[in-house]
Amino acid sequence: MALYSEKVMDHFRNPRNVGVIEDADGVGEVGNAKCGDIMKIYLKIDDDIVTDVKFETFGCGSAIASSSMATELIKGRPVSEALSLTNQAVAEALDGLPPHKIHCSVLAEEAIKNALDDYYAKHPEKKPQA
């Protein structure tokens, strides 16, 4: 059995949404000191919809694939869906990750949540009331 699924390899070789959004509404950055992966997610949000999302990732193939898939899963979706994205959903969408690479999907989830926290810090009036 192959270590990585075809989807992981595709998102690694052909990552979607790579780049920077200069006037991003929210930016989130996370890193893992143990493995050295660093992810940065940029969000553009209009009328409570993630209209654009870009990422920069320095890391292994699983980190790049997780970043790419996570951006695909939230692009064009309501902010509430982006907030509820889980690392399990990212890993499942990639048809699985090896157990020692699950942390890559966790980083993608955390980077998106940090970008949304940044967005709400800049626009507190948009934050949903608990």
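The values are calculated or read from the model by the stated rules, or taken from the named source; none is laboratory data. As the structure is a computational prediction, the values presented were derived from the model and not from experiment. Quick reminder, even Gly has a Cβ in these numbers, built from the backbone with ideal geometry, and neighbours come from all protein chains shown.
Tabulated results
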quantity: Residue count, the range 22-42 (criterion: free of Cβ contacts under 8 Å to residues at least 60 places away in the same chain and under 12 Å from the mean Cα position of the chain (by Cα)); calculated: 1
quantity: Check on GLY19, touching a strand residue (DSSP E or B) at 6+ places or on another chain (Cβ under 7 Å), farther than 25 Å from LYS127 by Cα and touching a residue at least 24 places away in the same chain (Cβ under 8 Å); calculated: yes
quantity: In the range 97-112, residue farthest from ASP52 (Cα to Cα) [restricted to those that are out of contact with any helix residue (DSSP H, G or I) (no Cβ under 7 Å at 6 or more places or on another chain) and at pLDDT 95 or above]; calculated: GLU110
quantity: Selected residue [part of a helix (DSSP H, G or I), more than 20 Å from PRO128 (Cα to Cα), out of contact with any Ser or Thr (no Cβ under 6 Å at 6 or more places or on another chain) and among the acidic types (Asp, Glu)] from GLU72, GLU81; calculated: GLU72
quantity: Some residue of the range 15-23 being crowded, with 17+ Cβ neighbours inside 10 Å, of a type in the set (Asp, Glu) and outside any strand (DSSP E or B); calculated: no
quantity: Close pairs from the range 43-63: first within 21 Å of ASP10 (Cα to Cα), partner of a type in the set (Lys, Arg) and part of a loop (DSSP other than H, G, I, E, B), Cβ under 6 Å, at least 6 apart; calculated: VAL53/LYS75
quantity: The listed residue being within 10 Å of the chain's Cα centre (by Cα) and modelled with pLDDT of 95 or more, out of LEU85, LEU94, LEU116; calculated: LEU85
quantity: Only one of ALA121, ALA111 that is farther than 15 Å from HIS11 by Cα, outside any loop (DSSP other than H, G, I, E, B) and over 14 Å from the mean Cα position of the chain (by Cα); calculated: ALA121
quantity: Residue in the range 84-95 that is farthest from LYS126 (Cα to Cα), counting only those that are free of Cβ contacts under 8 Å to residues at least 24 places away in the same chain and part of a loop (DSSP other than H, G, I, E, B); calculated: THR86
quantity: Within the range 2-14, considering residues that are surrounded by fewer than 16 Cβ atoms within 10 Å (Cβ to Cβ) and hydrophobic (A, V, I, L, M, F, W, C), the one nearest to LEU94 (Cα to Cα); calculated: MET9
quantity: Of all residues in the range 65-96 being of a type in the set (Gly, Ala, Ser) and within 22 Å of ASP48 (Cβ to Cβ), the one that is surrounded by the fewest Cβ atoms within 10 Å (Cβ to Cβ); calculated: SER80
quantity: Filter result (touching a residue at least 60 places away in the same chain (Cβ under 8 Å), in a helix (DSSP H, G or I), over 9 Å from the mean Cα position of the chain (by Cα) and crowded, with 20+ Cβ neighbours inside 10 Å) within the range 97-108; calculated: CYS104
